[in-house]
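Engineer: Input: one structure, supplied below.
FYI, it's all coordinate maths here, none of it is from the lab. If you're wondering where the values come from, they're calculated on a predicted model, not measured in any experiment. Neighbour counts run over all protein chains shown; Cβ positions are idealised from the backbone, glycine included.
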Amino acid sequence: MRIYFDYSATTPVDKQVLDAMLPYFTEFYGNASSIHQFGQEAHEAMDKSRKKIAAKINANYDELIFTSGGTESDNLAIKGVAHAVHKKLKKNHIITSKIEHHAVLNSAKSLENEGFRVTYLDVDREGFVDLNQLEKTITKDTILVSIIYANNEIGTIQDLEEIGKICHEKNVLFHSDAVQAFTKVPLDVKRFNLDLVSLTAHKIYGPKGIGALYIRHDLQQENLIQKMIDGGGHEFNLRAGTENIPGIVGFAKAVEITTSTHIQQMTRLRNYLIQRILVEIPDSRLNGPNIKTKGDKRLCNNVNISFKGINGQELLLQLDKEGIAVSTGAACIADSVEPSHILQAIQLTPEEGALGTIRASLGKDNTKEEANYFIEKLKDIIHKLRKN
Ligand SMILES: *Cc1c(COP(=O)(O)O)cnc(C)c1O
């Protein structure tokens, strides 16, 4: 048996997505910038795809640019805006949180090295950003607030509407990395007052290497964002390079085929797994939002559990031997095992099992039988590891 529970790392390409993409490799292979028919076919496919994805987040067609993925989108949003606003208005301060993806965190660190000031907001024990601290931290010098919508490791879904209100009142720009949340949680750029949003295809059954950045119209017009890749005038002059048409078409198809049924299925399986593991395995602890009190604030496919006295990497390898793929919240850094920056931010201690943490992230096709098999193996392995 081979069971994949690592859909937050990446997903397979859906068959419908692949079928939509294939003709754009071999038949409609034109360069979207070319004026002849081959080029126009590619351009039309790109236009249609852009419209579909933009509509999904209530954005206009010309507010969405394609990139190589979530990482590039985060880099462009944060560095591109920081550099442009610094140049234009001499502002110097960025606010983000302690539980961002490395693409955001290291973009902020890179700005710090250039002389920008960065505030990393605290989160509570379930991973929610402290909104009072956010409000107090914003100054006249603040350029941008960047907060992840749904956390990739512990599944916490932030209140973007509230954060957007604060940013709007204080007149600072607002970016969100919505890579994990996209198509799983409502995302409305207008209602949330968002200026920038990062998306990627390969976490939603689309291909790898294609993503998008939503950039509110005014930012483009008022020169509040600076491009990072020079070249031709592609993507409204914000991201040069011949467009990846098969990827773009696949991305749009992936968005189109998402359904609420899948979300309900994953939520049920998530709750089943969490409830059984917490009851049946002693000294286990759920990280991220409580499913009884804040179930709707937890990503529908996220299970993150710590086991006291267990080494997460060892557990991962033992599960892998049984054909089960999960990920761990601790990494080997220079010969010592350290909890991830996210587990550190929620102040998870080694006594609580910080070093014995695994994430099982579910997909639309996972079954209850797979969940049962996983739980049995997990129980066996943990029992054995604790006896050693
Ligand atoms: C996967 C992921 C990214 C990176 O996206 P890529 O397309 O792999 O570059 C960024 N942010 C979050 C939250 C992610 O889960």
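Engineer: Quick one: Cα centre-to-centre distance for the stretch 317-388 and the stretch 166-187, in angstrom?
Structural biologist: So the two Cα centres are separated by 30 Å.
Engineer: Additional query: Can you give me the convex hull volume of the Cα atoms of the stretch 123-233, divided per residue and expressed in Å³?
Structural biologist: About 127 Å³ per residue, rounded to a whole number.
Engineer: Once you have all Cα-Cα distances for the chain, histogram them in 10 Å bins from zero and send the whole-percent values.
Structural biologist: Bin by bin from 0 Å, the calculated values are 5, 23, 30, 24, 14, 3, 0, 0.
Engineer: For the chain, find the longest principal axis of its Cα atoms and tell me its angle to the long axis of helix 245-256, 0 to 90°, nearest 10.
Structural biologist: 60 degrees
Engineer: If only Cα atoms are counted, what is the Rg of the stretch 290-331, and what is its Dmax, in Å?
Structural biologist: Computed over the Cα atoms of the stretch 290-331, radius of gyration and Dmax are 12.7, 35 Å.
Engineer: What does the helix-only formula give at 222 nm for the chain: each DSSP H stretch with n ≥ 4 adding -39500 (n - 2.57), the total divided by the residues, and the result rounded to the nearest 500 deg cm²/dmol?
Structural biologist: -12500 deg cm²/dmol
Engineer: Which lysines, on any chain, are close to Lys203 with Cα under 23 Å apart, when same-chain ones fewer than 8 places away are left out?
Structural biologist: Lys15, Lys48, Lys51, Lys52, Lys56, Lys98, Lys184, Lys253, Lys297, Lys364, Lys368
Engineer: Using alpha-carbon pairs under 8 Å, 6+ residues apart, how would you state the relative contact order of the chain in percent?
Structural biologist: Normalised by residue count, the contact order of the chain is 22 percent.
Engineer: Moving on to the next point. Suppose every K and R has +1 on its Cβ and every D and E has -1 on its Cβ; what is the size of the dipole of the chain about the Cα centre, in Debye to the nearest 20?
Structural biologist: Rounded to the nearest 20 debye, it is 540 debye.
Engineer: Which aspartates and glutamates does Lys227 reach when only Cα atoms under 13 Å apart count, and residues fewer than 8 places away in its own chain are ignored?
Structural biologist: Glu72, Asp74, Glu235
Engineer: So if I take the centroid of the Cα atoms in the stretch 276-297 and the same for the stretch 106-133, what is the distance between those two points in Å?
Structural biologist: If you average the Cα positions of each part, the centres end up 27 Å apart.
Engineer: Beyond 26 Å, what share of the Cα-Cα pairs of the stretch 259-387 remains, rounded to the nearest whole percent?
Structural biologist: 18 percent
Engineer: Could you give each residue of the stretch 165-174 its phi-based ³J(HN,Hα) in whole Hz, using Karplus coefficients 6.51, -1.76, 1.60 with θ = phi - 60°, and x for Gly or Pro?
Structural biologist: 4, 4, 4, 5, 4, 8, 6, 10, 6, 10
Engineer: Taking neighbour counts of Cβ atoms within 10 Å as a proxy for exposure, in what order, fewest first, do Met46, Met1 appear?
Structural biologist: By the 10 Å Cβ count, ascending: Met1, Met46.
Engineer: Which values of log₁₀ I(q)/I(0), to two decimal places, follow from the Debye formula for the stretch 201-312 at q = 0.18 Å⁻¹ with a uniform point scatterer at every Cα?
Structural biologist: Each listed q maps to, in turn, -0.96.
Engineer: Taking the beta-carbon count within 10 Å as an exposure proxy, list Tyr205, Tyr373 from fewest neighbours to most.
Structural biologist: Least crowded to most crowded, the residues run Tyr373, Tyr205.
Engineer: While we're on this one: Going by C-beta contacts inside 10 Å, put Phe38, Phe374 in order with the fewest on the left.
Structural biologist: Phe38, Phe374
Engineer: Go through the stretch 99-116 residue by residue and turn each phi into a ³J(HN,Hα) via Karplus (6.51, -1.76, 1.60, θ = phi - 60°); whole Hz please, and just put x for glycine and proline.
Structural biologist: In residue order, the calculated couplings are 10, 6, 5, 4, 4, 7, 4, 6, 5, 5, 4, 5, 5, 4, 5, 7, x, 6 Hz.
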